[in-house]
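K.L.:
Below: one structure in structure tokens.
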Amino acid sequence: DVKVTQSSRYLVKRTGEKVFLECVQDMDHENMFWYRQDPGLGLRLIYFSYDVKMKEKGDIPEGYSVSREKKERFSLILESASTNQTSMYLCASRPTGVRTEAFFGQGTRLTVV
Amino acid sequence: SQQGEEDPQALSIQEGENATMNCSYKTSINNLQWYRQNSGRGLVHLILIRSNEREKHSGRLRVTLDTSKKSSSLLITASRAADTASYFCATDEASGGGADGLTFGKGTHLIIQP
């Protein structure tokens, strides 16, 4: 059974903290993604990676960075958490190709206080 | 970037009725996909329709695609309480190769009344 696992379901952090959200996939997919989901705004792409050590900015990269040191792991980093980064964060992976589906983790609900 | 737009934003129907959701998008696509999200969870892939297909079925799901109108619809027949969820369309842009991600709409929240 294919799996994308996010390290935490719920997370509460203080303003200014450095926050790491971890995502691991076991499907040997080349591509991994971080989305943010907010009510009324749907899913917005923060960053994606198509290979180890490669990363590309999505639609809303400001305030975030990512790391992909191994193929199976893609980390989202909030350098200095702010209250407007309170959100649901979703990690996904998919193989390269034009007719492939994405597989999602269970999501991390982050609250910054 | 382009984004699919689902319509309606919310839909409440009685169990056993059919539910129809629509999606519009803006640019050329390779395929269009529908996903489901149960409350507070990740998204689960339901069905993919290629740009050269017009209709596709999977169990109680029926998806249509009209590339001339840049629109798609998802029909769930004989709805069940367990179908209560949010449904998202996602487009795979023609210029991409799968590496640059899917672009999601804002979703339709479907409530099935028992």
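K.L.:
Restricting to strands (runs of 3 or more DSSP E) lying wholly in region B:60-114: which have 1 or more residues that are over 29 Å from A:Pro95 (Cβ atoms) and either at pLDDT 95 or above or within 17 Å of the chain's Cα centre (by Cα) (or both)?
P.N.:
Details: elements: B:61-66, B:71-76, B:85-93, B:108-113.
Correct list: B:108-113.
K.L.:
Then there is this: B:Glu55 fails exactly one of the following numbered conditions: (1) open to solvent by 50 Å² or more (accessible area, probe 1.4 Å); (2) modelled with pLDDT under 95; (3) over 13 Å from B:His109 (Cα atoms). What is the number of that condition?
P.N.:
It is condition (2) that B:Glu55 fails.
K.L.:
Continuing with the same structure: Got a sec? Which strands (runs of 3 or more DSSP E) wholly within region A:28-78 have at least 1 residues that are free of Cβ contacts under 8 Å to residues at least 24 places away in the same chain?
P.N.:
Values: elements: A:31-38, A:42-49, A:64-70, A:73-78.
Those strands (runs of 3 or more DSSP E) span A:42-49, A:64-70.
K.L.:
Name the single residue, out of those in region A:28-40 being over 22 Å from A:Glu79 (Cβ atoms) and within 14 Å of chain B (Cβ to nearest Cβ), that is most open to solvent (accessible area, probe 1.4 Å). Full working, then the answer.
P.N.:
Restricting attention to region A:28-40, the residues satisfying the condition of being over 22 Å from A:Glu79 (Cβ atoms) are A:28-31, A:39-40.
If we keep only those that are within 14 Å of chain B (Cβ to nearest Cβ) as well, we get A:29-31, A:39-40.
Details: A:His29: 15, A:Glu30: 66, A:Asn31: 1, A:Pro39: 125, A:Gly40: 61 Å².
Filtering first and then ranking leaves A:Pro39.
K.L.:
So if I check each of A:Gly63, A:Gly97, which one is away from chain B (no Cβ under 13 Å) and open to solvent by less than 60 Å² (accessible area, probe 1.4 Å)? Explain how you work it out, then say what you get.
P.N.:
On the way: A:Gly97 fails: away from chain B (no Cβ under 13 Å).
Of the residues listed, the single one that is away from chain B (no Cβ under 13 Å) and open to solvent by less than 60 Å² (accessible area, probe 1.4 Å) is A:Gly63.
K.L.:
Just to be sure before I move on: is A:Thr108 at pLDDT 95 or above, under 21 Å from B:Arg41 (Cβ atoms) and open to solvent by 10 Å² or more (accessible area, probe 1.4 Å) in the structure I sent? Give the steps one after another, and end with the answer.
P.N.:
Details: at pLDDT 95 or above: yes; under 21 Å from B:Arg41 (Cβ atoms): yes; open to solvent by 10 Å² or more (accessible area, probe 1.4 Å): no.
Considered against the rule, which asks whether it is at pLDDT 95 or above, under 21 Å from B:Arg41 (Cβ atoms) and open to solvent by 10 Å² or more (accessible area, probe 1.4 Å), A:Thr108 comes out as no.
K.L.:
Filter region B:27-47 down to the residues that are in a loop (DSSP other than H, G, I, E, B) and within 14 Å of chain A (Cβ to nearest Cβ), then identify the one that is least open to solvent (accessible area, probe 1.4 Å). First the steps, then the outcome.
P.N.:
Here is the first cut: in region B:27-47, the residues in a loop (DSSP other than H, G, I, E, B) are B:27-28, B:38-42.
Subset that is within 14 Å of chain A (Cβ to nearest Cβ): B:28, B:38-42.
Details: B:Ser28: 79, B:Asn38: 61, B:Ser39: 117, B:Gly40: 29, B:Arg41: 117, B:Gly42: 10 Å².
Of everything passing the filter in region B:27-47, B:Gly42 is least open to solvent (accessible area, probe 1.4 Å).
K.L.:
Pick from A:Thr111, A:Thr83, A:Thr96: which is touching a residue at least 24 places away in the same chain (Cβ under 8 Å), closer than 18 Å to A:Ser8 by Cβ and out of contact with any helix residue (DSSP H, G or I) (no Cβ under 6 Å at 6 or more places or on another chain)?
P.N.:
Values: A:Thr83 fails: closer than 18 Å to A:Ser8 by Cβ; A:Thr96 fails: closer than 18 Å to A:Ser8 by Cβ.
Result of the check over A:Thr111, A:Thr83, A:Thr96: A:Thr111.
K.L.:
Residues that are away from chain B (no Cβ under 11 Å) and farther than 20 Å from B:Leu102 by Cβ: does region A:48-55 have at least one? Step through it out loud before you land on a result.
P.N.:
Of region A:48-55, the ones away from chain B (no Cβ under 11 Å) are A:52-53, A:55.
Now narrow it down to the ones that are farther than 20 Å from B:Leu102 by Cβ: A:52-53.
For region A:48-55, residues away from chain B (no Cβ under 11 Å) and farther than 20 Å from B:Leu102 by Cβ: present.
K.L.:
Moving to a separate point now. Looking only at region A:3-27, count every residue that is surrounded by 21 or more Cβ atoms within 10 Å (Cβ to Cβ) and not in a strand (DSSP E or B) and tell me the total.
P.N.:
Final tally of qualifying residues: 0.
The values are calculated or read from the model by the stated rules, or taken from the named source; none is laboratory data. This structure is a prediction, so every number in the text was calculated from the model and none was measured. Heads up, the Cβs are rebuilt from the backbone with ideal geometry, glycines too, and the neighbour counts pull from every protein chain shown. Areas reflect the complete protein model, heavy atoms only, side chains present, ligands, DNA and RNA absent. Shrake-Rupley method; radii C 1.70, N 1.55, O 1.52, S 1.80 Å.
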